[in-house]
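Enquirer: Can you read through this structure? Questions will come right after.
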Amino acid sequence: MTHLEDNARDLADRLLAGYSGTRLLAAVAGAPGSGKSTLAEAIVEEINHRQPGLAAVFPMDGFHFDDAVLSDMGRLAHKGAIETFDAHGFRHMLARLKANEDDRIAVPVFDRALEIARAGGRLIPQATGIIVCEGNYLLMQDEPWDRLKPMFDLTVLVDVDGDELRRRLEQRWAGFGLDAETIRQKLDGNDIPNGMAILARSSEPDIRIQN
């Protein structure tokens, strides 16, 4: 069994032990390239293997501001930074998911191939008892992000060494066909500072995972 599988199994155990029929929200936070998305998906897969349909992933990335909005803000080159997300919209969606009063809820999903958030990209039915939210800024202490943590029943922060984070992000952007200089600019001008800010300014989680 891999390290990822061990962590996913342990976190699934913890969530299932705490589930009594009332919807639970878990947060998996971390820098871009930390492996938070992979871990969140693995947790949900593990839960659904035991109780089909009980869990779903809810990504924060669906709340990116549109490129046209970021252009107007003068922040397009910094897409992915904390101010390029709709924090208030995300918080209200969390509250709606937590209340679980609707037969189903449509949530936006970020399409990386198109670099755009697709409204209604995923449906979460009322029967989904455990939602694993994943995103960079879920535990940030900056306003208004600091209002999110109390909404979660379990919080996890995926911690990655800076050198390893750079290696992963270089590999990610190379996979999108970017040249070495463009990748360096994206990392040094945006991704790495964002990642370091997340590790420095996130509140202490219930569980910290060294990935």
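The values are calculated or read from the model by the stated rules, or taken from the named source; none is laboratory data. Keep in mind the model is a prediction, meaning the values are calculated, not measured. FYI the Cβ positions are ideal-geometry reconstructions off the backbone, even for glycines, and counts take in every protein chain you see.
Enquirer: Being over 16 Å from Gly80 (Cβ atoms) and at pLDDT below 95 is the filter here, so list the residues in region 28-48 that pass it.
Expert: If the condition is that a residue be over 16 Å from Gly80 (Cβ atoms) and at pLDDT below 95, then Gly35, Thr38 are the ones that fit.
Enquirer: Another question, if that's okay. Are any residues in region 21-77 over 28 Å from Ser203 (Cβ atoms) and hydroxyl-bearing (Ser, Thr, Tyr), and if so, which ones?
Expert: Of everything in region 21-77, just one residue is over 28 Å from Ser203 (Cβ atoms) and hydroxyl-bearing (Ser, Thr, Tyr), namely Ser71.
Enquirer: Related question: Return only the number of the condition from (1) closer than 17 Å to Asn136 by Cα; (2) part of a strand (DSSP E or B) that Ala56 does not satisfy.
Expert: (1)
Enquirer: I need a count of the residues in region 144-168 that are assigned to a loop (DSSP other than H, G, I, E, B) and modelled with pLDDT under 95.
Expert: 2
Enquirer: Specify the residue that is surrounded by the fewest Cβ atoms within 10 Å (Cβ to Cβ); the eligible residues are those in region 70-123 that are over 23 Å from Gly195 (Cα atoms) and touching an Asp or Glu at 6+ places or on another chain (Cβ under 8 Å).
Expert: Arg118
Enquirer: On to the next question. Looking at Asp67, Asp61, which is the one that is buried (at least 18 other Cβ atoms within 10 Å of the Cβ) and either within 15 Å of the chain's Cα centre (by Cα) or touching a residue at least 40 places away in the same chain (Cβ under 8 Å) (or both)?
Expert: It is Asp61.
Enquirer: Check Arg147, Arg166 and return the single one that is of a type in the set (Lys, Arg) and either surrounded by 23 or more Cβ atoms within 10 Å (Cβ to Cβ) or free of Cβ contacts under 8 Å to residues at least 40 places away in the same chain (or both).
Expert: Unique residue meeting the criteria: Arg166.
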